[in-house]
Amino acid sequence: GTLTEVNCQNQNGTWFQGQSCPSFTCPVSPPPNDQCTDCIRVLTDVTISGRTRAASGTDVTSCADNDTLDVWHCWTADCTGRVSITTCGSSFDTTLAVYDACGGDEIACDDDGCQSPAPPQNRSQVTLDATEGTTYSIRVSGYDGRFGDYILMVEECKNACCFPSGRCDYGTTAECDGVGGTSLGPGSVCRGDLDGNGIDDACEPCPVRTIIGAAPASGTVDARQPNSAAA
């Protein structure tokens with residue numbers, strides 16, 4: 001705002017002699033995580049906040065338009081499974097992308113996937129299959145040049161859980177135990193009911209089948225295969 005020096009100081013502002021709005025641009029330092037190599041570490045299930053105001057990025061993701069003002073976080077997975085990363089609750093229209101390294105390949109990207117809290121819903125959520133010990137680069141930006149304050153959360157890994165009914169869904173071990181389900185462990189996935197018996201195929205043992213024919217015949221060794229004779 002264009003104020004007197006006294007009024008500016010009373011609002012904890014910085015007064016610039018002879019300048020007026022809107023022709024004058026207030027100087028703001030770039031965020032400390034403006035570059036990917038200066039990423040701020042984020043921990044699993046711990047909310048972290050930041051700003052994209054005065055960011056100087058130029059990258060553009062595959063899922064949004066003109067989302068150039070970016071900042072970076074890094075997360076080293078402490079679990080294996082399906083993980084969600086969100087900016088739900090941020091103050092502006094965010095975009096979110098995950099890379100396998102700085103300057104690496106884009107693994108996941110989202111613009112408006114966050115469904116809560118509502119309104120607004122134009123916040124971001126990505127889901128990826130994480131591997132324990134792997135470090136991921138997380139990019140936070142704004143749709144069409146927007147910027148502001150954001151909230152970032154990397155949720156705990158979820159894996160396949162078999163309900164007593166035979167239905168399969170994703171949850172943490174604690175969530176699975178809480179509904180009397182059986183967790184299938186790190187990296188497990190639901191498979192769907194391909195045989196049509198009402199039970200997810202991941203939640204039942206492989207059916208016993210009899211081999212009625214084999215080539216070459218049983219008991220012989222096929223030199224084309226990289227297996228031992230006992231395999």
Residue count, region 1-53, condition free of Cβ contacts under 8 Å to residues at least 40 places away in the same chain, within 30 Å of residue 102 (Cα to Cα) and not hydroxyl-bearing (Ser, Thr, Tyr), comes to 9
Kindly indicate which of 210, 220 is assigned to a loop (DSSP other than H, G, I, E, B), surrounded by fewer than 11 Cβ atoms within 10 Å (Cβ to Cβ), modelled with pLDDT of 80 or more and among the polar types (S, T, N, Q).
210
Exactly one condition in (1) among the aliphatic types (A, V, I, L, M); (2) assigned to a loop (DSSP other than H, G, I, E, B); (3) in contact (Cβ under 8 Å) with a residue 24 or more places away in the chain; (4) open to solvent by 60 Å² or more (accessible area, probe 1.4 Å) is false for residue 64; which is it?
(4)
Strands (runs of 3 or more DSSP E) enclosed by region 86-163 - at least 2 residues per element that are open to solvent by 10 Å² or more (accessible area, probe 1.4 Å):
106-110, 125-130, 135-142, 149-154, 159-162
Index of the failed condition, residue 104 passing every other in (1) within 20 Å of residue 34 (Cβ to Cβ); (2) under 14 Å from the mean Cα position of the chain (by Cα):
(2)
Residue list for region 128-171, filter: among the hydroxyl-bearing types (Ser, Thr, Tyr) and within 20 Å of residue 48 (Cβ to Cβ)
134, 135, 136, 137, 141, 150
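So that you can scan it fast, the table gives a plain yes or no per residue for (1) hydroxyl-bearing (Ser, Thr, Tyr); (2) modelled with pLDDT of 95 or more:
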{"residue": "99", "(1), (2)": "yes, yes"}
{"residue": "130", "(1), (2)": "no, yes"}
{"residue": "141", "(1), (2)": "yes, yes"}
{"residue": "145", "(1), (2)": "no, no"}
{"residue": "152", "(1), (2)": "no, yes"}
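The values are calculated or read from the model by the stated rules, or taken from the named source; none is laboratory data. In this text the structure is predicted, and so the values were computed from the model without any measurement. Neighbour counts run over all protein chains shown; Cβ positions are idealised from the backbone, glycine included. Remember, those area values only see protein heavy atoms, side chains included, never the ligands or the DNA or RNA. Shrake-Rupley method; radii C 1.70, N 1.55, O 1.52, S 1.80 Å.
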